[in-house]
Amino acid sequence: MSAATTRSRTPDRLCAEAVDLARAAAEEAAAPGVVGEHEGLVSEGDRVVTHYFACKELGYRGWRWAVTVARASRAKIVTVDEAVLLPGPDALLAPEWVPWSERLRPGDMGPGDLLPTDADDLRLEPGWTGEDEPPPNSAVSHEMADLVEAEDAEVTAGPPAELSTVPARGTISAVAEELGLRRTRVLSRYGLHVAADRWEDGYGPKTAMAQAAPASCVSCGFLARIGGSLGQAFGVCANEFSPADGHVVSLAYGCGGHSEAAVMPKPPRVAPPVIDETRVDPFPLRPAADSGSVPVTEDQAAAELGHS
């Protein structure tokens with residue numbers, strides 16, 4: 001170890017003793033009352049020392065005021081180089097900045113928001129066919145098959161990034177543009193793949209609801225079929241009482257609202273009244289003498305009291 005290295009790691013005595021000078025510089029740079037106690041020093045080189053002071057300002061937990069002092073060779077006067085606020089080892093820091101395209105989550109868009117898509121978005125491919133070379137996302141592209149399996153592919157330059165805004169005259173895309181029959185881009189195999197995975201995570205056979213369902217959606221009368229290749233595995237639930245109403249569900253999904261899970265019993269019917277028209281029941285016009293609650297008596301005294 002050289003002598004210069006030894007000197008650089010040993011704090012200069014005069015610079016190490018300049019605690020009051022460093023505190024005054026920190027208080028001048030900071031707001032009043034936010035510079036705390038001295039928390040040590042570090043030798044930055046020959047006759048260069050950094051003093052650390054605790055920061056008592058709210059919202060800056062674990063931060064420190066760092067004041068660097070130095071002196072010239074053979075000089076006895078210590079001067080201040082800089083005073084800054086730096087995070088300590090246990091400082092409360094803001095999370096690392098993430099680009100908006102990576103922060104965006106489903107449901108974040110609101111009315112009036114615009115979500116631009118890159119020209120080389122891996123989920124899309126040109127909406128026309130018949131050109132000399134298939135697009136990189138085409139079903140005949142071996143590279144695309146590898147990307148779907150990996151699911152962590154990096155987008156490379158090429159069509160559709162190089163797709164011109166105005167199609168060349170005489171091409172299929174130009175004719176489709178004139179007739180208004182084409183979309184500029186459609187879902188690629190990768191786009192279909194990630195969409196299917198996302199839908200299965202929400203309403204697929206592995207969910208708790210599907211595990212407890214009496215039957216799957218493929219046999220449910222409330223399932224509305226969809227077209228395209230995704231229609232072979234997904235549909236739309238049209239049961240207003242189902243938790244998946246209006247959502248794309250896997251054909252292997254299921255819930256308790258299955259159309260054939262249980263048949264509601266019919267309400268019991270009251271038997272019609274029985275009328276016997278062959279029998280005549282006599283109804284006397286006058287009640288019988290012995291039909292009352294009081295027995296018939298010949299006692300005249302009782303008769304005068306109104307008993308009969």
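The values are calculated or read from the model by the stated rules, or taken from the named source; none is laboratory data. Keep in mind it's a predicted model, so treat the numbers as computed, not measured. Note: ideal-geometry Cβ built from the backbone for every residue, glycine included; neighbour counts use all protein chains shown. Heavy atoms of the whole protein, side chains included, go into the accessibility calculation; ligands, DNA and RNA do not. Shrake-Rupley method; radii C 1.70, N 1.55, O 1.52, S 1.80 Å.
Quick notes on this structure:
- Highest mean first, the peptides 41-49, 197-205, 94-102 sorted by other C-beta atoms within 10 Å per residue fall in the order 41-49, 197-205, 94-102.
- Remark: C-alpha extents of the range 13-87 on the principal axes read 42, 19, 16 Å, sorted largest to smallest.
- Taking the Cα centre of the range 193-250 as reference, the dipole from Cβ charges on Lys and Arg (+1) and Asp and Glu (-1) amounts to some 120 debye.
- Cα point-scatterer Debye curve for the range 193-250, base-10 log of I(q)/I(0) at q = 0.18, 0.24, 0.26, 0.31 Å⁻¹: -0.56, -1.02, -1.19, -1.52
- The range 193-250, accessible surface, carbon-and-sulfur percent (1.4 angstrom probe): 56 percent
- The range 13-87 - accessible surface per residue (Å², probe 1.4 Å): 58 Å²
- Of the solvent-accessible surface of the range 13-87, computed with a 1.4 Å probe and all protein chains present, 51% belongs to carbon and sulfur.
- Solvent-accessible surface of the range 193-250, averaged per residue with a 1.4 angstrom probe and all protein chains in place: 58 square angstrom.
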